[in-house]
C-alpha cells in the first residue's frame, strides 16, 4: 500500500476549543494524509475561521462550509460528512478515514494502522481503541467489542469497503457508525479495533450532562431503531451497570429500549441487515454464556 494514500473527512460544529488540537495531531503524523477536508456544519464560535487559517499553512488541509441555520443533530453531521466525501472523490488514495474534533493520538497512529491493512487483505474497517478521558480517571467502555465495532470518531475504511457500504446513513438519534460496521461485515469485510493503538477521547459523553432519564430513553430507542436483539441489548445494559451513573444509567437505557420496542416504528435498516446483525449478536451471547471448558471441547 503506497504511503500518503489516505484521505480524511471531519464534520465540525462549534469545535473551536478542540479543532486546533486535532489538526496538530494529524499534522504530526509520520505519514500525513493526501487530503483532509474539514466541513464546518454551521459553527458560531469561530471554528471555520480557525480551520481556514490553519489550512493556509498545511497543504493537505481544506475547509468547506455547510449552510447555516440547520438544527444540530446526528443527521446533520452525516450530511456534512457526505459533503466532505464528495469533495475528496477521485483517484490517489486507498483508505478514507473520519475524525471527530475531540480525539487525540500519537504520531505513528496512521502508519501503524497501515501496517494492519497491509497484513490483512480482508480488513475493511479499522481504528484504535478509544479511551474516554475524564478529569480523574479513564474509561474503556468499548472494551470487548474489538472484533465487530470501530467508534465513528476514528473509523478508517479501505476505500473499496467504504464504497460497498454505501457511506454513512443519516439517523436522527445516531448510530451511523454501527450501521457501517455491520454492513461492512455483511459484505465480507473484517472489522477490527486495535487496543494497542490508543486514542484519547477528550469529551466523553457523561450522563451528568442533561437529564439522565431523557438521555437513557434516547439511547435505548437508538439501539431499538438499529435493530438490536432484545436479549443482546439486555446483556449490554448489564455489562455497563458499573458505568456512571452506576445502575441508574443502564436502567434508563434499558427502559428506553423497552418503550421503543413496545411502540414499534420504522427502522433505517433493511431486513437483510436486521437478520445478519441479530445472528451475530446471538452468536456472541452464546459464546459468552458457554463455559470455557465446554467451548474448548
For the range 31-108, what is the convex hull volume of its Cα atoms per residue in Å³? 114 Å³
Give the shape of the range 212-289 as rounded, prolate or oblate, defined through the alpha-carbon gyration tensor: a ≥ b ≥ c are the square roots of its eigenvalues, a/c under 1.5 means rounded, and otherwise the shape is prolate if a/b is larger than b/c and oblate if not. oblate
Looking at the chain from every direction and averaging, what is the projected area of its Cα convex hull in nm²? 16.4 nm²
Helix-derived mean residue ellipticity, 222 nm - over the chain, DSSP H n ≥ 4, -39500 (n - 2.57), to 500: -13000 deg cm²/dmol
When the label point is put 7 Å from the Cα of residue 196 along its Cα-to-beta-carbon vector, which residues of the range 26-50 have a backbone N closer than 19 Å? 30-31
Run the quick spin-label model on residue 58 and residue 255: label points 7 Å from Cα toward the beta carbon, then report their separation in nm to one decimal. 4.3 nm
Full-stretch length increase - residue 274, residue 246 - with 0.36 nm per residue and alpha-carbon distance subtracted: 7.0 nm
Per-pair calculated FRET efficiency, R0 = 25 Å: residue 108 and residue 136 via Cβ, rounded to 0.05: 0.35
Using Cβ counts within 10 Å as a stand-in for footprinting exposure, how do 122, 111 rank, fewest first? 122, 111
R0 of 22 Å, Cβ-Cβ distance residue 122-residue 290: FRET efficiency to nearest 0.05: 0.25
Each label sits 7 Å from Cα toward the beta-carbon; between residue 282 and residue 266 the label points are separated, in nm, by 2.7 nm
Using bins 10 angstrom wide from zero, how does P(r) for the range 122-264 break down, in % of all Cα pairs? 11, 37, 38, 13, 0
Using every pair of alpha-carbon atoms in the range 33-74, split the distances into 10 Å bins beginning at 0 and state the percent of pairs per bin, rounded to integers. 29, 49, 21, 1
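Each value in this text was obtained by applying a stated rule to the coordinates, not by laboratory testing. Keep in mind that what you see is a predicted model, and the values were worked out from it rather than measured. For neighbour counting, all protein chains shown are included, and Cβ atoms are generated from backbone atoms with ideal geometry for every residue, glycine included.
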